[in-house]
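Laboratory data are not the source of any read-out in this text; all were calculated from the coordinates shown. Remember, it's a predicted structure, so these values are computed and weren't measured experimentally. Using ideal geometry, Cβ is built from the backbone for each residue, glycine included, and neighbour counts are taken over all protein chains shown.
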Amino acid sequence: MMERVPNEYGRFGDFGGKFVPETLMLPLEEIEAELDKALADESFKQEYIRILQHYSGRPTPLTFAPNLTRQVGGAKMYLKREDLNHTGAHKINNAIGQALLAKRMGKKKLIAETGAGQHGVAAATVAAHFGMDCIVFMGEEDIKRQELNVFRMKLLGAEVVPVSSGNRTLKDATNEAIRYWVAHCDDHFYMIGSVVGPHPYPKMVREFQRVIGDEAKEQFLAREGKLPDVIVACVGGGSNAIGMFYPFLQDDVRLVGVEAAGKGIDTPHHAATITKGTKGVIHGAMTYLLQDEYGQILEPYSISAGLDYPGVGPEHAYLASIGRVRYESATDDEAVAAFQLLAQTEGIIPAIESAHAVAKAVELAREMPPDETVLICLSGRGDKDVQTMMRHLGAREGEDIATVR
Amino acid sequence: MKTLPLSVNPPLFIPFIVAGDPAPDVTIDLALALEEAGADILELGVPYSDPLADGPTIQRAAARALDGGMTLPKAIQLIGAMRKKGVNIPIILFTYYNPVLQLGEESFFALAQENGADGVLIPDLPFEESGPFRELGERFGLPLISLVAPTSKQRIERIASAAQGFLYCVSSLGVTGVREALPETLGDFLREVKRHSRVPVAVGFGISAPGQVAMLKEVCDGVVVGSALVQKVEQLAPRLQAPDEREAAVAEFAAYARSLAAPLREAYSSR
């Protein structure tokens, strides 16, 4: 039996905690106290579930992938369809939960950071739904990579603040969001998009994402009469993966997290934090991170803006350290191939983040017998990535996009 | 309570500069100039890639220093070099926690002690996370300076009672950087902190004008001036790095620091 985590100090084993400026300690304590009350409050849970159902369209389906299964020629492959959520990814689950908590605390102004833009869109969406203001910090590089999502956020009424420090990606957007929060913590609620940051965020986001795994477990049992043999999810900060894995942690199910290997984990251009990182503190939590020997944080790289993060949720660091979850990685090229494979076999365009999970799942399923099963967390849809794919495939194959197959 | 070597008498003028900004040898000259200008304690900032508590001015200074190859061990060794060149005032190392973790907490304290540091301030190591680190520091005779913020409220008593050396009060919500105005409630906050503190109470974040210093001298025991001085270093950087202009530039920096410290000295003599 695993120990219950996090403990009262927000620790998952050696990981987690609250490594933040003193100014934020009281706001964190307030959130923690209100979260505990909310999670114990039946009416809060009912409202959360009601909004998930009637606004976001949950439960999301569990889809068997017959063509992919046939083509791979191994275990049966299933997809948990978080891509079918309102706004196109699992991020909305957490955004709804945190907005409800903000409302409960009387805060009407939301702060969010975003990488791919999915969390920013989710935050902007719930802000509109609940009649709140929303300010989203986004790295200039990500703004270039995801201009469609930037415009979506603006359409939804959010203010998007370009971040020009560092590598101008998610790490820097998170720094800037935290700095803004330090200055405005009296009347703003910081809505973190992943299971990262200081306690109680990793726990809070897990609680608002576990609906993925809770639903999947019930659906899978109804469909197959047993639990899946393997579950695969992509890991940047790791919120879809924790949400999917958490309800299965006590079960006899192999859990595999897939990090972004970028141009390869033996090059400097990757975001494989658990695979290649070392222990340290980033964004208020003790976890694994990519850093140099002097503790300066390194810039990660991935084709996927949502996985392009030099840290990882402290609970993942813990699950890796105790060996409960295996963390592997997939390169840009493997993710792109999986993106095309799923699109062409099943008519489902996955987010490039989720395509990393598909790539590893295909590799695992191929070696498994046909009576075994693999469940993939399809965390988001790939409409936002179509332009990135055009650029990537065009550059790689040196041919007209129209002829790419 | 153990006696720690950082014994300082108010009113305190505590300037902050970044190690290696714009270059390590310039930092030594600036430290000498600050002591000459009346600094009671020097806060030496260690540049960090992701300084969560710092505004744009100190972020830029950190980037300049990192570009020049500054690291935590080199910053600590810079203190040793300052001692050799005659900097005698207490020096507090201001560093984020992650570089300390990578160096190793024991190695960090050992190196800091060996190079003549007098204390440590870690803005992202709050009270709850600091217990074992604080104890380790005591073994090396290096106090961990505690911070309180306007949001600390019921935490003030707990933090103040464990404070060593001096207690650093964050003036207002937000990161470091020059502010046009300090909050009206600052006086009440400082008086509340002073009620609980057995060590001198210094206030920092946003202090950039002699007028502010004059006002604050009435309600606390010292001021920390960071971004205003770092901004001055930024302005003077080209001249500080030109051999034939450095002396004049350092003198200009010293004059600026002296103007910020002046109201404290008036306070001292009139008491």
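Against the empirical curve 2.2 N^0.38 Å, the C-alpha radius of gyration of the range B:176-218 lands at a ratio of 1.17. For the range A:170-304, the equivalent ellipsoid derived from the Cα gyration tensor has semi-axes of 29, 21, 11 Å, listed largest first. Under 13 Å from a point 7 Å along the Cα-to-Cβ line of B:Asp25: which residues of the range B:225-257 have their amide N that close? It comes to B:240-247, nothing else. Under 14 Å from the Cβ of A:Asp142, count the other residues' Cβ atoms, weight Lys and Arg +1, Asp and Glu -1, and hand me the total. Once positives and negatives cancel, what remains is -4. Looking at the range A:310-370, the GluC sites (Glu not before Pro) that sit in a DSSP loop and have at most 16 other Cβ atoms within 10 Å of their own Cβ are A:Glu367. What you get for the protein assembly as shown, charging only the Cβ of Lys and Arg (+1) and of Asp and Glu (-1), is a dipole of about 880 debye around the Cα centre. Based on Cα atoms of the protein assembly as shown, Rg over Rh with Rh as the Kirkwood radius reads 1.01.
Restricting the trypsin sites (Lys or Arg not before Pro) of the range B:1-100 to loop positions (DSSP other than H, G, I, E, B) with no more than 15 neighbouring Cβ atoms within 10 Å leaves B:Lys2, B:Lys85. Counting every other Cβ atom within 10 Å of each residue's Cβ, A:His54, B:His196, A:His316 order from fewest to most as A:His54, B:His196, A:His316.
Which FRET efficiency value, to the nearest 0.05, is calculated for A:Tyr55 and B:Lys153 with the Förster distance at 35 angstrom and r the Cβ-Cβ distance?
0.45
Averaged over peptide A:12-24, the number of partner chain Cβ atoms lying within 10 Å of each residue's Cβ comes to 6. Distance from the alpha carbon centroid of the range A:42-94 to that of the range B:79-142 works out to 50 angstrom. Averaging 1/r across all pairs of distinct Cα atoms in the range A:139-178 and inverting the result yields a Kirkwood radius of 10.2 Å. Taking K and R as +1 and D and E as -1, what net charge do the other residues with C-beta under 13 Å from the C-beta of A:Asn175 add up to? Result for the local shell: -4.
Shape descriptor for chain A: Rg over Rh equals 0.94 (Cα atoms; Rh from the Kirkwood inverse mean 1/r).
If you take all other residues with their beta carbon under 15 Å from the beta carbon of A:Leu221, and give Lys and Arg +1 and Asp and Glu -1, the sum is -2.
Entry note, chain A: the mean residue ellipticity at 222 nm calculated from DSSP H runs of n ≥ 4, each adding -39500 (n - 2.57), is -13000 deg cm²/dmol after division by the residues and rounding to the nearest 500. What fraction, in whole percent, of alpha-carbon pairs in the range A:141-247 exceed 19 Å separation? Roughly 59 percent, rounded to a whole number. Note on the range B:12-270: Cα-only Rg and Dmax are 17.1, 54 Å.
Pairs of Cα atoms under 8 Å, at least six residues apart: use those to get the relative contact order of the range B:53-127, whole percent. Relative contact order here is 41 percent.
Under Stokes-Einstein, with the Kirkwood radius over Cα pairs as Rh, the value for the range A:70-195 at 25 °C and 0.890 mPa s is 164 µm²/s.
Averaged over peptide B:50-60, the number of partner chain Cβ atoms lying within 10 Å of each residue's Cβ comes to 5.
The residue list B:Ala181, B:Ile17, B:Pro47 was ranked by how far each Cα lies along the charge dipole of the range B:12-270 toward its positive end, using unit charges on Cβ atoms, and B:Ala181 comes out on top. Basic side chains Lys and Arg get +1 at the Cβ, acidic Asp and Glu get -1 at the Cβ, and with that the dipole of the range B:12-270 about its Cα centre reaches some 360 debye.
Shown in residue order for the range A:14-25 are the 3J(HN,Hα) couplings computed by the Karplus curve 6.51 cos²θ - 1.76 cosθ + 1.60 at θ = phi - 60°: 7, 9, x, x, 10, 9, 10, x, 3, 3, 8, 5 Hz (x for Gly and Pro). Ignoring everything except DSSP H segments at least 4 long, calculate the 222 nm mean residue ellipticity for chain B; use -39,500 (n - 2.57) per segment, divide by total residues, nearest 500. So the calculated ellipticity at 222 nm is -14500 deg cm²/dmol. When restricted to Cα atoms, the range A:1-58 yields an Rg and a Dmax of 15.3, 40 Å, respectively. Across peptide B:122-135, the average count of Cβ atoms from other chains found within 10 Å of a residue's Cβ is 4. Under a 5 Å amide H cut-off, with hydrogens placed 1.01 Å from N, A:Ala285 pairs with A:Phe19, A:Gly197 among residues at least 5 apart or on other chains. Averaging the sequence gap over all C-alpha pairs within less than 8 Å and six or more residues apart, then dividing by the number of residues, gives chain B a relative contact order of 23 percent.
Less than 5 angstrom separates the built amide H of B:Gly45 from those of B:Ile17, B:Val18, B:Ala19, B:Phe94, all sequence-distant by 5 or more or on a different chain.
Centre-to-centre, using Cα atoms only, the range B:203-271 and the range B:48-75 are separated by 20 Å.
Within chain B, which is the longest segment that contains none of the GluC sites (Glu not before Pro) sitting in a DSSP loop with at most 15 other Cβ atoms within 10 Å? Of all site-free stretches, the longest is B:1-179.
Placing one equal scatterer on every Cα of the range B:120-271 and applying the Debye formula, the log10 ratio I(q)/I(0) at q = 0.10, 0.14, 0.20 Å⁻¹ is -0.42, -0.77, -1.21. Here, the range B:53-167 has an Rg and a Dmax of 14.7, 44 Å when only alpha carbons are counted.
Treating only the Cα positions of the range A:1-120 as identical point scatterers, give the base-10 log of I(q)/I(0) from the Debye formula at each q in 0.20 Å⁻¹. The computed values of log10 I(q)/I(0) come out as -1.24. Projected onto its three principal axes, the C-alpha set of the range A:237-353 covers 46, 35, 22 Å, listed from the longest axis down. Dipole magnitude for chain A: computed about the Cα centre from +1 point charges on Lys and Arg Cβ and -1 point charges on Asp and Glu Cβ, it is near 680 debye.
Since only A:Thr69, A:His119, A:Ala357 are under comparison, the one whose Cα sits farthest along the positive direction of the charge dipole of chain A, derived from C-beta charges on Lys, Arg, Asp and Glu, is A:Thr69. When the C-alpha to C-alpha distance is required to be over 27 Å, the pairs from A:Lys154/B:Lys232; A:Lys45/A:Lys76; A:Lys80/A:Lys226 that qualify are A:Lys154/B:Lys232; A:Lys45/A:Lys76.
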